[in-house]
Amino acid sequence: MEPLVSIITPAFNASKYLVPFFESVLDQEYSNYELIFINDGSTDDTEEIALQYKKIFEEKGHRFVYLVKENGGQAAALNTGFPYMKGKYFIWPDSDDTLCSDNLSVKVDFMEKNPSIDLGIAWAIHVDESGNDLGVLKRIPAENDNLFRDLLVSNNVQFCPGIYIIRTSTFKKCYPELHIDESRAGQNYQLLLPMAYKYRYGYINRVLYTYILHSASHSNFKLHDEQAQMERFERQEHLLLRLVEHICGQDDKVEMIALVRRHFQGIYLRIANEHIDRRKAAASMYSLCRMHQVNCKDIIYAFATFAGIKLK
């Protein structure tokens, strides 16, 4: 019998995207799945559309769990849904993207044929709202592949969640209370980092997901506002430092903490240059000097900022 797959998806004011998302789930070649849908305090027609589709899924024999909570971000919404998962595997696609029709069938086949792998990683096609092709999003493994390290510094990794599949039993070993940090900084880090550090992962070299660039999505909100940029990355840094403390062993914890801190000071320096913020540029250079982690690019960005020159 086909193993059950849990699809867990939060949504906040996603009504205009839900029909294509739900239809892409209904269009799956794979039949044994359940959908756990969390309405994260939406004020639009999300509930009405979700309940309409709940009937359709149930008529087709699929379990559809509909949950409602006050708005608290995707991590908090996932925490609401995790206890309802019954699948051997789970995926957590965004409600404003779509699954390719073979998303579940190919992923499950890969995981079943590779029982020692706990995290499967596929590809996504990137399109805009008009359907124009923006390229393929995929990780190209290095010779000495280290997904954990690359996740910490956002190097050669993709954060569109619909490309991943996780073995539920392994996830429960990482989070026995089925609860991740409810920071709004990045639920994907929390799901992927412990898997990449402690367990085996493998690559599914197929496009299985459509990642849609929405101009109104919260990831693009205030994209060029300096304070919003800084606060967003500061939240990410604090989250990653907490995760490193929790996940890493004593042998590499100090190295990983230093790696994260150096990475984010470089980001802050580049944000300072974008806004010609000399005070923040000086603060970042001071931090990098104290860590003995200054490189030529940092010096160029700092001097350009002090001279009032924006670099691309």
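The values are calculated or read from the model by the stated rules, or taken from the named source; none is laboratory data. For clarity, every value in this text was computed on a predicted model and none was experimentally measured. Note: ideal-geometry Cβ built from the backbone for every residue, glycine included; neighbour counts use all protein chains shown. Ligands, DNA and RNA are excluded from the accessible area calculation, which covers all protein heavy atoms including side chains. Shrake-Rupley method; radii C 1.70, N 1.55, O 1.52, S 1.80 Å.
Per-structure values
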read-out: Tilt relative to the chain, helix 187-198 - C-alpha long axis, 0 to 90 degrees, to 10; value: 90 degrees
read-out: Alpha-carbon centroid distance for the pair the range 132-174 / the range 51-110, whole angstrom; value: 20 Å
read-out: Helix axis angle, 278-290 relative to the chain longest principal axis, alpha carbon, degrees; value: 90 degrees
read-out: Where Cys296, Cys248 fall by accessible area, highest first, once all protein chains stay in place (1.4 Å); value: Cys296, Cys248
read-out: Cut-off 9 Å between beta-carbons: net charge of the residues surrounding Leu311, Lys and Arg +1, Asp and Glu -1; value: +2
read-out: Among the listed pairs Lys69/Lys138; Lys16/Lys69; Lys138/Lys297; Lys198/Lys253, those beyond 24 Å (Cα-Cα); value: Lys69/Lys138; Lys138/Lys297
read-out: Rg/Rg_ref, the range 139-209, where Rg_ref = 2.2 N^0.38 Å and atoms are Cα; value: 1.12
read-out: With every protein chain in place, the chain: carbon and sulfur % of accessible area (1.4 Å); value: 51 percent
read-out: Solvent exposure of the chain as accessible area per residue, Å², 1.4 Å probe; value: 48 Å²
read-out: Two-site label geometry, Lys198 and Ala304: point separation in nm, points 7 Å out along Cα→Cβ; value: 4.2 nm
read-out: Amide hydrogen neighbours beyond the local backbone of Asn156, cut-off 5 Å, H modeled; value: none
read-out: Pair-distance profile P(r), taking every C-alpha pair of the chain, with 10 angstrom steps and integer %; value: 6, 24, 33, 23, 11, 3, 0
read-out: Whole-Hz couplings from phi, Karplus 6.51/-1.76/1.60, listed for the range 119-135; x for Gly and Pro; value: 9, x, 10, 10, 10, 9, 8, 9, 10, 8, 5, 8, x, 6, 6, 10, x
read-out: The range 264-271 - phi-based ³J(HN,Hα) in whole Hz, Karplus 6.51/-1.76/1.60, Gly and Pro as x; value: 6, 4, x, 5, 4, 5, 6, 5
read-out: Rounded if a/c under 1.5, otherwise prolate or oblate - the range 16-167, Cα gyration tensor axes; value: prolate
read-out: Accessible surface of Asp40 - all protein chains present, 1.4 Å probe, nearest 10 Å²; value: 10 Å²
read-out: Helix 15-26 vs. the chain, principal-axis angle (Cα, 0 to 90°, nearest 10); value: 60 degrees
read-out: Whole-number D in µm²/s for the range 1-59 (Stokes-Einstein; Kirkwood sum over Cα pairs; 4 °C, 1.567 mPa s); value: 107 µm²/s
read-out: At 0.692 mPa s and 37 °C, Stokes D of the range 1-100 from Kirkwood alpha-carbon radius, µm² per second; value: 246 µm²/s
read-out: Antiparallel DSSP beta bridges within the chain, as percent of all bridges there, nearest 5; value: 30 percent
read-out: Amide H contacts of Leu213 (H built 1.01 Å from N, under 5 Å, at least 5 apart or other chain); value: Val127, Asp128, Glu129
